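Remarks on the structure that follows.
The values are calculated or read from the model by the stated rules, or taken from the named source; none is laboratory data. Given the structure is predicted, the values throughout are model-derived calculations rather than measurements. All Cβ positions, glycine included, derive from the backbone under ideal geometry; neighbour counts span all protein chains shown.
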Amino acid sequence: MSRLGVKVGSVSLKSPLILASGTCNFGHELSEYYDLSILGGLSSKGLTIRPRAGNEGVRVAETYAGMLNSVGLQNPGVDYFIEHDLDYMRSLNTGVIVNVAGHSYDDYMEMIRKLEPHKDKIDALEINLSCPNVKAGCMSIGSDPDQVFEVVSGMRSLTGLPLWIKLTPNVTDIKSVAYSAQKAGADAVVLINTMLGMVIDIRTKRPVLHNNTGGYSGPAIKPVAVRMVAECSKALSIPIIGCGGIMDYKDVIEFMIAGASAVEIGTASLIHPTCPVDITEDLEKYCEENNIDISSLTGTLQLW
Ligand SMILES: Cc1cc2nc3c(=O)[nH]c(=O)nc-3n(C[C@H](O)[C@H](O)[C@H](O)COP(=O)(O)O)c2cc1C
């Protein structure tokens, strides 16, 4: 393994860099820009039982230091994904992370039952308990430690695949939600999904997004994400995957010092599709210069 190899529980990745769900689809488009096999993994667009067209009208808005989206889980449905995209993701020679969304306890169980027969092609299931852009389920489940416990326990009883639980920052106490996931048998937590926000057009006095609110991502949310990773790192014994506002290799190192075993890159790929290539090169150089393996950084934070 090179100096960039990391482990997230039982899952070995050749690099800590994973493309974040919803910002890389299933890899088809980005593979035209660079060889995705340099990555630790790719997290699929959030999948649901049935296909979803997503929300209507304007669905993205830029801000000074990030963007808001209210895509609303547009996806072809899990059956279509299994038939048309899963083998493609596997062929990319990188970690295959399948992102699962739902509106209810039963939805999540059905998703696991559909994916379980294909477990040989999947490295981990990333369970989205945090999407702010749908009317029911997802974030409302992920904001309540009891519901998180119930859903994760249910999924745990149905699969031996690694369960990475992706949590929402739109809560007062992230530790208690993350701890519930761990207690229910999660293999890792992913911190964070987007923060709920609004942008108003001052001419019309209406929100720019037709869903009124959207999920805020990009550089502005990084300090919130780093704080949550640091807090959970002290409270949990399972690995953490950091996500939120990563733009360059220093951001990756910051997340790892805070306690992340791996990281996900989202909005940065939408701005500079090849940024993971530069980040990989810079991380390799950093490890060489400091004579370290990247994994040695995880959890080295010294609080005052
Ligand atoms: C356009 C867009 C679509 C997204 N769709 C999903 C999704 O389907 N499932 C999910 O778990 N997260 C989704 N996310 C959240 C990202 O995976 C990531 O958690 C978030 O954007 C924060 O990281 P970033 O600041 O690097 O973008 C989406 C984000 C964006 C910008």
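Per the conditions (1) closer than 19 Å to Val6 by Cα; (2) surrounded by fewer than 17 Cβ atoms within 10 Å (Cβ to Cβ); (3) within 15 Å of the ligand (Cβ to nearest atom), the sole criterion not satisfied by Pro223 is (1).
What's the number of the condition Glu264 fails, among (1) more than 12 Å from the ligand (Cβ to nearest atom); (2) within 29 Å of Tyr33 (Cβ to Cβ); (3) crowded, with 17+ Cβ neighbours inside 10 Å; (4) not aliphatic (A, V, I, L, M)? Glu264 satisfies all of (1) more than 12 Å from the ligand (Cβ to nearest atom); (2) within 29 Å of Tyr33 (Cβ to Cβ); (3) crowded, with 17+ Cβ neighbours inside 10 Å; (4) not aliphatic (A, V, I, L, M) except (1). With a requirement of 2 or more residues that are within 22 Å of Cys131 (Cα to Cα), under 17 Å from the mean Cα position of the chain (by Cα) and within 15 Å of the ligand (Cβ to nearest atom), the strands (runs of 3 or more DSSP E) lying completely within the stretch 1-108 that satisfy it span 17-19, 41-43, 66-69, 95-100. The requirement of being within 16 Å of the ligand (Cβ to nearest atom) and at pLDDT 95 or above is not satisfied by Leu301.
Just to be sure, is Asn99 touching a Ser or Thr at 6+ places or on another chain (Cβ under 6 Å), surrounded by fewer than 20 Cβ atoms within 10 Å (Cβ to Cβ) and closer than 27 Å to Met247 by Cα? Against the criterion (touching a Ser or Thr at 6+ places or on another chain (Cβ under 6 Å), surrounded by fewer than 20 Cβ atoms within 10 Å (Cβ to Cβ) and closer than 27 Å to Met247 by Cα), Asn99 does not qualify. Within the stretch 255-269, residues that are among the aromatic types (Phe, Trp, Tyr) reach partners that are more than 9 Å from the ligand (Cβ to nearest atom) and not in a strand (DSSP E or B) with beta carbons closer than 8 Å, at six or more positions or on different chains, in the pairs Phe255/Val226; Phe255/Val229. For the stretch 129-143, check the following and say yes or no: at least one residue is closer than 21 Å to Val177 by Cα, at pLDDT 95 or above and either under 14 Å from the mean Cα position of the chain (by Cα) or not hydroxyl-bearing (Ser, Thr, Tyr) (or both). No, the conditions are met nowhere in the stretch 129-143. Within the stretch 170-225, the only residue that satisfies the criterion of being over 16 Å from the mean Cα position of the chain (by Cα) and among the aromatic types (Phe, Trp, Tyr) is Tyr179.
Looking only at the stretch 10-54, count every residue that is free of Cβ contacts under 8 Å to residues at least 12 places away in the same chain and of a type outside the set (Asp, Glu) and tell me the total. Summing the residues that are free of Cβ contacts under 8 Å to residues at least 12 places away in the same chain and of a type outside the set (Asp, Glu) in the stretch 10-54 gives 1.
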